[in-house]
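The values are calculated or read from the model by the stated rules, or taken from the named source; none is laboratory data. Here the structure is a predicted model, which is why all the values come from computation and not from measurement. As a convention, Cβ positions derive from the backbone with ideal geometry for all residues, glycine included, and neighbour counts pool all protein chains shown.
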Amino acid sequence: MKKSKVLIGLILAVALIFSFGVSQSIAADTIKVGIVLPLTGKLAKFGEIENKSFLMALKEINAAGGVNGKKIELIIEDTTGKPDVGRSAIEKLISLDKVVMLGGGYSSSVTWATIAVAQQNKVPFLVNTGSADKITEQGWEYIFRLNPPVSEYPGAFASFLETIATDVKTVAILHENSLFGQSGSKKFVKRCEALGLEVLMKEGYEAGAIDFKPLLIKVKAKKADLVYMISYIMDASLLMRQSKELNLNPKLFVGGAAGFTLPEFKKNAAKASNFVYSATLWTPSVPYPGAQAYYDKFVEIYNEPTEYHGAEAYSAMYVIADALKRAKSLTRKDVRNALASTNLITAFGPVKFISYDKKTNQNKLPTFLVQWIDGNLETVWPKNVATKGYIYPIPKWSKR
Amino acid sequence: MEVFLQTLVAGILKGGLYGLIGLGMSLIMGVMGIINLAHGQLMMVAMYITFVLSHYLGIDPYLSLFVSMPALFLLGVVIQKYTLNPLMEVDSILPENQVLMTVGIGMVLTEIARFIFTSDYKSVRTSYSDATFFLGEISFSIALVIAFFIAIGFTLFMFWFLLKTDIGRSIRATAQDKDAALLMGVNSKRITVITFGLGSALVAAAGTVLMPVYYLFPDIGGPFTRKAFVITILGGLGSTVGAIFGGLTLGLAEAFGATYIGMAYDDMIGLLIFILVLLFLPGGFKRLTKI
């Protein structure tokens, strides 16, 4: 017993010395920025795309001379997609690594748990994906958000409903049951009411289910015109495959971003992915400088396609670098002030943090509607950025 | 009515598969008295084997049963022989050391899978993955129906195996009373090794037949370990018939819960039954079936 205690003590001591030694030796001439992403766990795929995009942008920025002669150093922590782990990761970054600011933040639940820590410690945190509305509704001056909140995801889709799909009258909403889905579905119900649509059902599900048929059979029985789904990636694929199995034929299948825009969706849902619509925040064809270039470069380096999550991370890195560059000094307070006065055009769109409705420090951006057409994710709405004509209503399964 | 029948079908088909997942754990738990918390992770390994065979060699998932099951049997044997059995001899602070060891093994397997295959989602697409047939208005997924019959087949086989073969009898003897079995000349160490191998092979079968309809990534094991645990408790330790009833109960409860209460309460419903069984039927369905 005694021996093992001594041993554990020794190991801890060595570990402590080591961690201090390492962080102090690098600290000299770099600016440390902490990033929290889910690199393992069931959201790891999203974290991976963002991680790669962060590193890609970091390389470009440091190669171009860094920030006022200093290089940026990213300390990337894994949240494993769990709020409690995310929280301790942020605490570690703030107190042990002493980062000047924070970035990343995937999944609303994890981000929600972490931003409070950042605010308490007065460390600026640029959230680039966590999209539950309440993240920027607390009036916390150290929390900034690059991406639009989830309630605004279906912006382009709403205008599509008003102008093209005017015969859609009834809606079924299926959503994953964490903060992202709950928040998104509630706001979508409000939007439907504003558009004069009748919401027949709204149901959550636990992500990772094997069988969605009990849920889908209810949708089928209610005969909704529009099925709106807020799902992470593999649930999205299964939902579509099982809709096909059940011969569920609404006029429109629409995904609320997240899982429905990833290349993996097409790979896993295969034929069932065809003609599915999705809201999205970004596509390579958006009219922002650098958007297509980012996509091409990502494909060239990593040999796989990227999508809006990657663009968010890539642009967030540029926003971070820009704020650090303009900050009067490298204290957390000055960096926060610099971040607040950001006015930058990025590959993800123009970035400017404003206050509106209940939100503070929120970037406002238009959204887009995409559709999977014969294996390609085409932008179909609004018309001025469309890469292909939309197909509406989507053909019945038996007629494909 | 259509909704009710479709839910019933979904519940039974899923339940059969759950039964197969729980069967292996039940066997291991019955014989060794430990919870194998790497059960889902072993299933994950089998799923990766199926994926590799199908993706690189074009072998049909059902044929790969002949590879994944022996492979997992061997893996199970190695785990029991070289990691769990040595622990039995060590006087340790915690008697649950073996359980902790299985947790560790589960983690190691997950991280090895991540190292080799990254966190990417994989799936096996076959011509029958999305195929269905209709009886009236009720849709049956062909892959799930096949999975169901394979699960039932394995359960019947295990039932026969435990009742009629020498090794089967030794396994039951060890499960009932280890010391007595030892005195009767049963090599209980060898039996534990074989049992762990069998349990792993059974969950490998479950993973392989699940592959055409589901998907795969390194962290997929955890939720299935949890499900297997619930099924084992429902069915009763070491009971083959109990495992299949436990699986069906869980499958049906989840399906009907999803239809009539809400799919968001999926896990809650399963765990509620778990608690009810612990309270009112400790020992599980085995108490009713006596087998």
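Here the condition is being without any contact (Cβ under 8 Å) to a residue 40 or more places away in the chain, closer than 22 Å to B:PHE217 by Cβ and not in a strand (DSSP E or B); of A:ALA209, A:ALA221, it holds for A:ALA209 alone.
Residues are listed down the side, and each one gets a yes or a no for (1) within 9 Å of chain A (Cβ to nearest Cβ); (2) surrounded by fewer than 21 Cβ atoms within 10 Å (Cβ to Cβ); (3) of a type in the set (Phe, Trp, Tyr):
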{"site": "B:GLY197", "(1), (2), (3)": "no, no, no"}
{"site": "B:THR208", "(1), (2), (3)": "no, no, no"}
{"site": "B:PHE217", "(1), (2), (3)": "yes, no, yes"}
{"site": "B:THR232", "(1), (2), (3)": "no, no, no"}
{"site": "B:GLY236", "(1), (2), (3)": "no, no, no"}
{"site": "B:ASP267", "(1), (2), (3)": "yes, yes, no"}
{"site": "B:LEU272", "(1), (2), (3)": "no, yes, no"}
{"site": "B:ILE275", "(1), (2), (3)": "no, yes, no"}
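Entry remark, region A:246-260: residues being buried (at least 24 other Cβ atoms within 10 Å of the Cβ) and assigned to a helix (DSSP H, G or I) number 3 in total.
This table checks each residue for (1) touching a Phe, Trp or Tyr at 6+ places or on another chain (Cβ under 7 Å); (2) farther than 25 Å from B:GLY235 by Cα; (3) assigned to a helix (DSSP H, G or I); (4) not charged (D, E, K, R).
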site	(1), (2), (3), (4)
B:GLN98	no, no, yes, yes
B:THR102	no, no, yes, yes
B:VAL108	no, yes, yes, yes
B:PHE115	no, yes, yes, yes
B:SER119	yes, yes, no, yes
B:PHE140	yes, yes, no, yes
B:ALA147	no, no, yes, yes
B:PHE157	no, no, yes, yes
B:GLY168	yes, no, yes, yes
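Residues that are surrounded by fewer than 22 Cβ atoms within 10 Å (Cβ to Cβ) and either β-branched (Val, Ile, Thr) or out of contact with any Lys or Arg (no Cβ under 9 Å at 6 or more places or on another chain) (or both) within region A:46-57 comprise A:GLU48, A:LYS52, A:LEU55, listed in sequence order. Here A:SER53 fulfils each of the conditions (1) under 21 Å from A:ALA291 (Cβ atoms); (2) assigned to a helix (DSSP H, G or I); (3) within 14 Å of chain B (Cβ to nearest Cβ) apart from (3). I need the full set of residues from region B:108-127 which are surrounded by 15 or more Cβ atoms within 10 Å (Cβ to Cβ), within 11 Å of chain A (Cβ to nearest Cβ) and not small (Gly, Ala, Ser), in order please. B:THR110, B:ARG114, B:ASP120, B:TYR121, B:LYS122, B:VAL124, B:ARG125, B:THR126, listed by residue number.
Residue by residue, here is whether (1) over 27 Å from B:VAL241 (Cβ atoms); (2) in contact with a His (Cβ under 9 Å, 6 or more places away or on another chain); (3) modelled with pLDDT of 90 or more holds:
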site	(1), (2), (3)
B:SER119	yes, no, no
B:TYR128	yes, no, no
B:GLY136	yes, no, no
B:VAL145	no, no, yes
B:THR155	no, no, no
B:PHE159	no, no, no
B:ALA181	no, no, no
B:THR195	no, no, yes
B:ALA204	no, no, yes
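Scanning region B:238-265 for residues that are surrounded by 24 or more Cβ atoms within 10 Å (Cβ to Cβ), more than 15 Å from B:LEU17 (Cα to Cα) and either away from chain A (no Cβ under 14 Å) or β-branched (Val, Ile, Thr) (or both) yields B:GLY238, B:SER239. Taking region B:1-88 and the helices (runs of 4 or more DSSP H) fully enclosed by it, the elements with 3 or more residues that are of a type in the set (Ser, Thr, Tyr) are at B:2-32, B:39-57.
Do you know which of the residues in region A:67-84 that are in contact (Cβ under 8 Å) with a residue 12 or more places away in the chain and not in a strand (DSSP E or B) is nearest to the chain's Cα centre (by Cα)? The qualifying residue nearest to the chain's Cα centre (by Cα) is A:GLY81. Among the residues of region B:138-176, none is identified as of a type in the set (Asp, Glu) and surrounded by 14 or more Cβ atoms within 10 Å (Cβ to Cβ).
Only one of the numbered conditions (1) surrounded by 21 or more Cβ atoms within 10 Å (Cβ to Cβ); (2) under 21 Å from A:GLU193 (Cβ atoms); (3) at pLDDT 90 or above is not met by A:GLU137, and that is (1). Restricting the first member to region A:229-247 and to residues that are more than 10 Å from chain B (Cβ to nearest Cβ), and the second to residues that are in a helix (DSSP H, G or I) and among the hydroxyl-bearing types (Ser, Thr, Tyr), the beta-carbon pairs closer than 7 Å and six or more apart or on different chains are A:ILE230/A:SER185. Of the residues making up region A:169-218, just one is facing another protein chain (nearest Cβ under 9 Å), among the β-branched types (Val, Ile, Thr) and more than 29 Å from A:VAL110 (Cα to Cα), namely A:ILE217. Would you call B:ILE59 more than 11 Å from the chain's Cα centre (by Cα) and within 14 Å of chain A (Cβ to nearest Cβ)? So B:ILE59 does not fit the description; no.
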